[in-house]
Amino acid sequence: MNSKLIAPSVLAADFGNLQRDIEMINKSEADWFHIDIMDGVFVPNISYGMPVLKAIAKHAKKTIDVHLMIIDPDRYIKEFAELGSNILTVHYEACTHLHRTIQAIKAEGMKAGVAINPHTNVDLLKDVIKDLDLVLVMSVNPGFGGQSFIENTYSKVRQLKEMIVNHSASALIEVDGGVTDKNAAKLVKAGADVLVAGSYVFKAKDQLETIKGLKKIANS
């Protein structure tokens, strides 16, 4: 069985102590850095942009998993590759020519992911599922951290897993939003491969232990 991965969401980190939090993830049992880029147009919030990603990439010693919550992501694919992104995920809802966008991401040497909002049906991905390395299922409405988990996510993950198996595809399923020790096991059972955790990790008293605990639940 493939080991399930934990990807702390840097959006929830302390920006006054960003290097400290990056070092914490490096030291922890986490597998990836999950980095949310928001433009204030596609989602009602603005996060950080290229300079902060560049600073993170300079210190990060693990896979950099970038989630673009922006309109017209094609404009920046090359730039995100140059900044050290290993995985680049775009939103289904933001791409008019999704297949072309996926090909452009791969052409820059990155793994290609597609994210879907809570209201988007997983069936809409069946024509591209074999081209994807990752599907990111949003389990909250994208834009802000600290929201509560949407229960319908479990059945979406199950549906998606079935589609991946039926198409002999190899995409990983990533879940982002409201992930804690309370729903991690159920998400993995439904078919999730990567769990993104933001507030749950960064608001914890002992962040290293929290990540370790989540990793243990996901792989038990």
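The set of residues from region 95-113 being more than 24 Å from ALA60 (Cβ to Cβ) and out of contact with any helix residue (DSSP H, G or I) (no Cβ under 6 Å at 6 or more places or on another chain) comprises THR96, HIS97, LEU98, HIS99, ARG100, GLN103. Candidates are the residues of region 123-140 that are touching a Gly at 6+ places or on another chain (Cβ under 8 Å) and without any contact (Cβ under 8 Å) to a residue 60 or more places away in the chain; the one that is surrounded by the most Cβ atoms within 10 Å (Cβ to Cβ) is VAL135. So in region 82-110, with the set limited to residues that are of a type in the set (Ser, Thr, Tyr) and closer than 22 Å to PHE33 by Cα, which one is surrounded by the most Cβ atoms within 10 Å (Cβ to Cβ)? The qualifying residue surrounded by the most Cβ atoms within 10 Å (Cβ to Cβ) is THR89.
When only residues in region 153-179 that are of a type in the set (S, T, N, Q) and in a loop (DSSP other than H, G, I, E, B) count, which is nearest to the chain's Cα centre (by Cα)? Top of the filtered list is SER170. With the structure loaded, tell me whether ILE116 is β-branched (Val, Ile, Thr), free of Cβ contacts under 8 Å to residues at least 60 places away in the same chain and either more than 28 Å from LYS182 (Cβ to Cβ) or surrounded by fewer than 17 Cβ atoms within 10 Å (Cβ to Cβ) (or both) or whether it fails that test. No. For region 180-199, a tally of residues being farther than 14 Å from LEU136 by Cβ, assigned to a helix (DSSP H, G or I) and touching a residue at least 24 places away in the same chain (Cβ under 8 Å) returns 6.
Computed from the coordinates by the stated procedures, all read-outs in this text should not be read as laboratory data. As the structure is a prediction and not an experimental result, all values here were calculated from the model. Neighbour counts are summed over all protein chains in view; Cβ atoms, including those assigned to glycine, are modelled from backbone coordinates with ideal geometry.
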